[in-house]
Amino acid sequence: MNSSKINKIHLYNTLTRKKEIFTPCEPGVVGLYSCGPTVYNYPHIGNYRAYIFADILKRTLRYGGYQVKHIMNLTDVDDKTIRESQKEGRTLKEFTEFYTEEFLKDIKSLNILEPDKFTKATDYINEMVEIIEKLLKKGHAYKSRDGSIYFDIHTDAEYGKLSGFSIASLKRNADKRLEIDEYDKENAQDFALWKAWDEKDGNVYWDADFGKGLPRTELALVRGRPGWHIECSAMSMANLGEQIDIHTGGVDNIFPHHENEMAQSEGATGKKFVKYWLHNEWVLVDHKKMAKSEKNFYILKDLLDKNIDPVVYRFWLLMAHYRTRINFVWEALLGAEIALKRLYGLYSELGAEVGKVSKAYQHKFKEFIGDDLDTPRALTVLWDVLKDETVSNADKKATVLDFDKVFGLGFVNSEKNKREEKIPEEISKLVVERDQARQNKDFQKSDELRKQINSLGYEVKDTPLGAEGF
């Protein structure tokens with residue numbers, strides 16, 4: 001374990017609905033599984049909040065001294081990938097590999113560390129079949145008239161414990177979320193483990209033998225493909241074991257995806273599937289959830305078209321707690337860009353020497369980041385270090401680089417992209433306006449303008465010749 005070990009990391013567990021002290025199943029080692037993208041299109045920037053959140057979590061755990069094994073899935077077979085690949089006249093493999101490569105480019109531009117392993121659903125069909133066999137044997141699954149196999153949620157007395165839904169209310173609450181899986185069901189709330197082939201699937205299918213160890217019945221061979229939920233159970237257990245420490249995703253994954261993952265995994269193994277479930281909140285647009293179905297989303301290319309570095313978006317997200325809903329507006333992102341450039345500028349002025357990490361500031365940083373990844377407060381410590389005249393430049397540099405192991409803002413590389421430090425026109429106008437307010441002895445307005453300048457990452461210095469922004 002490293003010298004920056006965090007004594008206690010508190011994480012908010014969706015399952016228990018409270019913050020808990022994190023304790024892994026195996027001391028010093030963390031099994032982390034993150035729901036990755038469905039590779040049928042470019043993820044929107046709201047999707048990327050989940051991956052940045054998982055990255056901050058992993059970095060924090062490593063910073064705290066843990067060895068982390070991180071697995072992220074790539075959903076490369078489902079209703080959407082099949083439908084969209086057919087529209088483009090491409091094979092499923094060609095289609096999904098293109099969007100996989102685009103996703104890998106995006107996460108690199110966001111300074112997201114790649115997981116130890118990306119897992120593609122199509123590589124784990126045998127593992128999915130094995131889980132489904134266990135569920136059939138234990139009476140948790142059944143075959144419908146068309147040959148599809150469903151999980152019977154009424155066989156799980158604790159179904160709904162993650163999302164808080166009761167079985168009695170599920171139909172009313174979740175109908176629309178389950179419509180995509182509406183095939184021939186004996187029970188409207190049951191979900192598909194294996195979908196029997198139909199003509200809409202084209203040449204996307206596998207011949208699965210579910211008769212192994214069972215009486216040789218019509219279950220013996222079913223041509224079809226997996227349901228969405230079984231994919232993550234198979235991939236996580238194949239790589240991290242039947243019990244994992246942390247599972248992450250967006251709040252929209254809680255129901256039905258994660259609820260169903262937990263039900264089928266625990267039904268198959270009889271063991272607790274995940275110790276800590278962590279979920280990030282939405283990114284909103286016009287105070288509505290960003291979603292492709294609503295056509296109110298942006299992708300990273302939209303940022304690049306405005307010459308905004310994707311790391312600015314990462315920084316903007318870190319300015320809010322991951323469990324807080326945030327509303328995306330371009331003005332806020334531009335404000336974050338000004339602040340981040342200011343941080344880079346202050347860092348570049350520290351010189352080449354790297355000293356020692358300030359223990360006092362590191363203690364504050366660990367306290368905040370260890371409190372359920374409180375990045376907004378942790379960022380205030382970063383600003384405080386850079387402004388503290390009692391800390392040497394060399395020690396400031398060491399401390400900033402230490403914090404950036406978690407933030408991932410790329411300070412170590414920022415100098416190669418260094419621009420001439422130029423006060424933005426917006427800041428210059430505010431400084432002039434504040435100077436005029438002071439001359440008019442309107443000190444209330446002067447103070448308000450100072451706070452506005454500070455909020456954009458700049459300070460104002462009063463001199464005999466007037467105010468200067470820096």
Somewhere in region 252-268, is a residue buried (at least 24 other Cβ atoms within 10 Å of the Cβ) and part of a strand (DSSP E or B)? no
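Condition check ((1) at pLDDT 80 or above; (2) assigned by TED's automatic domain parsing to the domain that holds Ala339) across all residues:
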| residue | (1), (2) |
| --- | --- |
| Lys387 | yes, yes |
| Ala394 | yes, yes |
| Phe411 | yes, yes |
| Val431 | yes, no |
| Glu459 | no, no |
For Leu92, indicate whether it is over 28 Å from Glu281 (Cα atoms) and at pLDDT below 95. no
Taking the criterion of being free of Cβ contacts under 8 Å to residues at least 12 places away in the same chain, assigned by TED's automatic domain parsing to the domain that holds His154 and more than 20 Å from the chain's Cα centre (by Cα), would at least one residue in region 267-283 satisfy it? yes
Does at least one position in region 125-148 carry a residue that is surrounded by fewer than 22 Cβ atoms within 10 Å (Cβ to Cβ), hydroxyl-bearing (Ser, Thr, Tyr) and either under 26 Å from the mean Cα position of the chain (by Cα) or outside the structural domain of Pro226 (by TED's automatic domain parsing) (or both)? no
Filter region 92-117 for residues that are of a type in the set (Val, Ile, Thr) and without any contact (Cβ under 8 Å) to a residue 60 or more places away in the chain; the one that is surrounded by the most Cβ atoms within 10 Å (Cβ to Cβ) is Thr96
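Return yes or no: is Ser109 in contact with a helix residue (DSSP H, G or I) (Cβ under 6 Å, 6 or more places away or on another chain), over 30 Å from Phe368 (Cβ atoms) and among the small types (Gly, Ala, Ser)?
No: the conditions fail for Ser109.
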Confirm whether Lys134 is modelled with pLDDT of 80 or more and outside any strand (DSSP E or B). yes
List the number of the failed condition for Arg59; all other conditions in (1) of a type outside the set (Asp, Glu); (2) within 16 Å of Lys405 (Cα to Cα); (3) buried (at least 23 other Cβ atoms within 10 Å of the Cβ); (4) under 14 Å from the mean Cα position of the chain (by Cα) hold. (3)
Can you pull out the helices (runs of 4 or more DSSP H) entirely within region 282-357 that have at least 3 residues that are buried (at least 18 other Cβ atoms within 10 Å of the Cβ)? 310-318, 330-348
Residues that are part of a helix (DSSP H, G or I) and out of contact with any helix residue (DSSP H, G or I) (no Cβ under 8 Å at 6 or more places or on another chain), drawn from region 367-379: Glu367
Please specify each residue of region 127-169 satisfying the condition of being closer than 25 Å to Asp207 by Cα, touching a residue at least 24 places away in the same chain (Cβ under 8 Å) and of a type in the set (Gly, Ala, Ser). Ala141, Ser144, Gly147, Ser148
Can you name every residue in region 196-207 that is in a strand (DSSP E or B) and modelled with pLDDT of 95 or more? Trp206
From the options Ser85, Ser34, residue that is crowded, with 16+ Cβ neighbours inside 10 Å and within 21 Å of Tyr205 (Cα to Cα): Ser85
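The values are calculated or read from the model by the stated rules, or taken from the named source; none is laboratory data. Note that this is a predicted model, so its numbers are computed, not measured. Please note: Cβ atoms are built from the backbone with ideal geometry, for glycine as well, and neighbour counts cover all protein chains shown.
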